[in-house]
Amino acid sequence: MDEWRSRLRTVVDLWELTPEQASGIVDELEQHLEEEFAGLRGRLGEAAALDRIMKQVNDPALQTVAVRARHDPPVTVIASRANGSGWRGLIRDVRYGWRGLGRSPGTTAMAVIALALGIGLTTVMFSIIYGTLLRGLPFEEGDRIAGVMEANPSRGVDQQDLSMHDFFAYRDGQKSFDAFGAYLPMQTINISGDDHPERLDAARVTAEALTMTRVRPALGRLFHAEDEVTGTPWVAILSHSVWRDRYAGDSTVIGRVVRMNGQPATIIGVMPDGFGFPSSEKLWVPLRLDPSTAPWGSGQRVLAVGRLRKGVTFARANAELAGIASRIEGAHRQTNEGVRVLAQPYIRTVVRSQIYTLLYTMFGAVALVFLVACTNVANLLLGRAARRTKEVSIRVALGASRGAIARQFLVEALVLSSVSAAVGAIVAQAGILAFRASIADTQWPFWVDIRLYPQLFAFIALAALVACVVSGFLPAITASRSDVTELLKDESLGSSSRRGGRLSRGLVVFELALSSALLVVAALATKSVLNLRSLEPGFRTHDIMTGRVALRIRDHDQQAAFFDRMEQELAHLSGAASVSLSSGLPGSGWGEGVAAVEGHTYARTNDWPAVRSLAVTPGFFETFGVTVLRGRPIGAEDRIGSPPVAVVNQRFADENFRGSDPIGRRINIHPADTIPSWVTIVGVMPTLYASDPASQLDPWPAELVTAFDQTSHGAASIAVRTAGDPSSVTQPLRMVVASLDPDLPVYAFATMSDVLAQSRWYIRVFGGLFVVFGIVALALSSIGLYAVLSFSVSLREREMGIRMALGASVTDVIRLVFRDGAMQLGIGIAVGVTLGVSAARVARTVLFGVQATDPALIGVVIGTLAVAGFAACVAPAVRATRSDPVRSLRSE
């Protein structure tokens, strides 16, 4: 064995290496030969095995190649004599790949960081989609629960609830569902009689709507069919959280009688923790439908839900429902002509299509970040492969197949992506926790639970595999196609390196294009977030406390009298500067509809002007600081019996009266009704910021306010402007309402600033994600440009030296490097900005107050990319100027 090691060192000495290099290579070769010796000894015996190994060490061909390859230490010369098939070869490749990556810590670290960011951010976005849309309902066979909706394409209705008559016709005529129920979600019900009054989110459901979930109550029972019969005593089921918080988890709550909206009701059940079907309700009461009380097609409309029978597909169920719809249309053409019905997975029915578009657009954006990261790593590995072309050629000369060479590079990419996946999982967990914190104050459906599920680790593994293939394929192919003869004759890096350089430049252009597209969307999203933060709505938001009450009385006169008295009592609250009641709050709660101006003709109903409306008491203008520009505000004289009036905003006046005075003109605020609802314009106010910015791209829509006292209302929003801390009026406000009706709770307390912030949360959150994606993409593309220019300079180092030897100045050399970078930047930015503008139009849901083609923002993006790109050119340019002309001429 000593002779073996002695001869091995003699061979290595021929490479004229430094002692450190020689020591490392000898250790590598010894390890390989010891493994081979151990394998041969079992088959041939120790003497024969040692003789076989010594022949390898003494092989003249090996020594000849070693001499020709001096100054280029091939760390796997002997190992490459065998192609390393099977598990042993794969393990050897993994071990060598690990050691090889360790010899380039800078390149390895950059590659790991890039891939970890790409994998981590992609996993965060996929976890949001999985927890929201893909995981499904947390019920037994929850994927078989269907939502059933109607549409009427001939009337431009994409989706509508079912009339109660249609619901019963489908329920009684179908055979595809084990259960077929109906519900009204997101009702609110006052509960009182055993403690403080409280307003709870509730759902009115038929018995089958709950039993189809196959969730058993934690206490008591579910509804029975007889509970749905009009006139029977009311019953209710509590959520686990209400049972825990309101009743302290008392098991004797079953059978207790409480008051719901003033009516006695018996608690019959408590649902398990986390149950909130159909959305996120806390209380359930029976839905009582009596089709005999209304003509066909009128009366209560409901949402329908069913559980498919085993073996029945959605296609088969829809075919059956379509037949029923056709029969209904034939019998009731006046109300059901053109009505179509569709059953689809429940979540797909209740989640708006805009949410699907938004989430999958976000996933597409982060997938681009992932692709940028993979391209970046492919570029880094291409540069590393180019520097190893001599080693690869020696391995091929010693018998390694090109497949084995390609496999080695793919294994290195796999090792790299595996490490990146582990780091990416940590990045993903941190991102998911940050996202959960950002939405902590928002209300999501009960089935939404965003976390790092075990299934997501399979996604991370798949992402790592994709990263391995995308980032390792080109380096593997490039390295395996090395021309052995040319490279062994040439002391330079070789033609394959030059081909790799061209490929790297192409990848950088591709990477820059993707990054530019992302940066355009990120810049627009950033501007949207800034617009929201700096937005000064046309009304006061500070020093205002808001709340809401919902009456249990139904008589219109009694409702009006109650609200009159409540407003008078609230006006005398200590610390209250002014008080107003309204149907909703500015920033949240405006009604959306259309209006028709008297004297104007409209060819189609779609031509009616879109408006947002709010019914307000006279105190609205003082409380929210709204000044009327012309005419007068809503006044105390505007009550039931007086001519209905409205105040429109400047936007509505400009669009519909074109410079003429709108005061005294009439508009029909319900033009689709057979009886017109005419109101007279008495004033013009500034344009206010109305509501949910995603429901309309224009943040300044047409608005009008009507008199609260001229129509009946079962609920009202309260706004109290205070002289000090808004929260100081919360308890006195409760006491005033309790003095009028002890069973009436005040709920949804929030400052006006919080109300406005709540309506914008998703733009803030998802717009912020776009910003993160853009910043990461910019950083990765800058690193990629720097890497490829550095590699290009290393390929042309002697060329630069010769140029300087022949009289080129430092400025000329720098200009040459920057020209290379500028060409790649120019092409990448031009393509990327075009893609980005197109992508921004798709992502318009998270854009607020900004256009996709905003020239100023696009200019900023181009400028940012140019600065980042040219900054990446600086170091390679400086390095090029340090080329030694004398050494370059001597090498030639």
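Here residue 858 passes the criteria (1) at pLDDT 70 or above; (2) within 17 Å of residue 773 (Cβ to Cβ) except the one numbered (2).
Which residue, of 224, 240, is of a type outside the set (Val, Ile, Thr) and under 31 Å from the mean Cα position of the chain (by Cα)?
Values: 224 fails: under 31 Å from the mean Cα position of the chain (by Cα).
Selected residue: 240, the only one of 224, 240 that is of a type outside the set (Val, Ile, Thr) and under 31 Å from the mean Cα position of the chain (by Cα).
Residues that are surrounded by 21 or more Cβ atoms within 10 Å (Cβ to Cβ) and at pLDDT 75 or above within the range 775-803 comprise 776, 777, 780, listed in sequence order. Picking from residues in the range 340-370 that are within 30 Å of residue 475 (Cβ to Cβ) and modelled with pLDDT of 85 or more, the one that is most open to solvent (accessible area, probe 1.4 Å) is 363.
Please verify whether residue 736 is surrounded by fewer than 23 Cβ atoms within 10 Å (Cβ to Cβ) and modelled with pLDDT of 85 or more, treating the condition exactly as stated.
Numbers: surrounded by fewer than 23 Cβ atoms within 10 Å (Cβ to Cβ): yes; modelled with pLDDT of 85 or more: yes.
Yes: the conditions hold for residue 736.
Taking the conditions (1) at pLDDT 75 or above; (2) part of a helix (DSSP H, G or I) in turn, residue 748 satisfies each one other than (2).
Name the one entry in 577, 560 that is open to solvent by 20 Å² or more (accessible area, probe 1.4 Å), within 28 Å of residue 730 (Cβ to Cβ), in a helix (DSSP H, G or I) and of a type in the set (A, V, I, L, M, F, W, C).
On the way: 577 fails: in a helix (DSSP H, G or I).
From the options 577, 560, the qualifying one is 560.
Candidates 529, 509, 520: the one that is crowded, with 19+ Cβ neighbours inside 10 Å and at pLDDT below 75 is 529.
Residues of the range 734-745 that are in a loop (DSSP other than H, G, I, E, B) and under 16 Å from residue 715 (Cβ atoms): 741, 743, 744, 745. Every listed requirement among (1) closer than 30 Å to residue 375 by Cα; (2) assigned by TED's automatic domain parsing to the domain that holds residue 297; (3) among the hydroxyl-bearing types (Ser, Thr, Tyr) is met by residue 188 save one, (1).
For the range 304-339, taking the residues that are out of contact with any Leu (no Cβ under 7 Å at 6 or more places or on another chain), crowded, with 18+ Cβ neighbours inside 10 Å and under 13 Å from residue 149 (Cα atoms), the one that is modelled with the lowest pLDDT is identified as 339.
Comparison of 276, 231, 249 shows that the only residue that is crowded, with 16+ Cβ neighbours inside 10 Å and out of contact with any strand residue (DSSP E or B) (no Cβ under 8 Å at 6 or more places or on another chain) is 276.
For residue 575, are the conditions met, namely being under 22 Å from residue 540 (Cα atoms) and in contact with a helix residue (DSSP H, G or I) (Cβ under 6 Å, 6 or more places away or on another chain)? Give the derivation first.
Working: under 22 Å from residue 540 (Cα atoms): yes; in contact with a helix residue (DSSP H, G or I) (Cβ under 6 Å, 6 or more places away or on another chain): yes.
It is true that residue 575 is under 22 Å from residue 540 (Cα atoms) and in contact with a helix residue (DSSP H, G or I) (Cβ under 6 Å, 6 or more places away or on another chain).
Screening 543, 555, 607 for residues that are within 37 Å of the chain's Cα centre (by Cα) and without any contact (Cβ under 8 Å) to a residue 12 or more places away in the chain leaves exactly one candidate, 607. Residues that are open to solvent by less than 20 Å² (accessible area, probe 1.4 Å) and among the charged types (D, E, K, R) within the range 119-153 comprise just one, 150.
Filter the range 154-182 down to residues that are in a loop (DSSP other than H, G, I, E, B) and among the charged types (D, E, K, R) and give me whichever is least open to solvent (accessible area, probe 1.4 Å).
Residues of the range 154-182 that are in a loop (DSSP other than H, G, I, E, B), as a first pass: 156, 161, 174-176.
Right, trim to among the charged types (D, E, K, R) and you get 161, 175.
Values: 161: 55, 175: 146 Å².
Per the stated criteria, the residue is 161.
Looking only at the range 563-616, residues that are out of contact with any strand residue (DSSP E or B) (no Cβ under 8 Å at 6 or more places or on another chain) and under 21 Å from residue 634 (Cβ atoms) come to 6 in all. Pairs linking a residue in the range 580-604 that is open to solvent by less than 50 Å² (accessible area, probe 1.4 Å) to a residue that is of a type in the set (D, E, K, R) and not in a strand (DSSP E or B), with Cβ atoms under 6 Å and 6 or more positions apart or on different chains, are 581/567. Strands (runs of 3 or more DSSP E) fully within the range 183-262 that include at least 1 residues being within 24 Å of residue 735 (Cα to Cα): 198-205, 257-260. Among the residues of the range 705-724, those identified as touching a Ser or Thr at 6+ places or on another chain (Cβ under 7 Å) and farther than 28 Å from residue 187 by Cβ are 721, 722. Where helices (runs of 4 or more DSSP H) sit wholly within the range 295-374, those with at least 2 residues that are touching a residue at least 12 places away in the same chain (Cβ under 8 Å), closer than 30 Å to residue 764 by Cα and assigned by TED's automatic domain parsing to the domain that holds residue 162 occupy 346-350. Confirm whether residue 148 is modelled with pLDDT of 90 or more, within 23 Å of residue 284 (Cβ to Cβ) and within 32 Å of the chain's Cα centre (by Cα). In short, yes.
Among all residues of the range 705-720, there is none that is assigned to a strand (DSSP E or B), modelled with pLDDT of 90 or more and open to solvent by 30 Å² or more (accessible area, probe 1.4 Å).
The values are calculated or read from the model by the stated rules, or taken from the named source; none is laboratory data. Everything quoted here is computed from the prediction, not taken from an experiment. Glycine also receives a Cβ, built like all others from the backbone with ideal geometry; neighbour counts cover every protein chain displayed. These area figures cover heavy atoms from the full protein model, side chains too; ligands, DNA and RNA do not enter into them. Shrake-Rupley method; radii C 1.70, N 1.55, O 1.52, S 1.80 Å.
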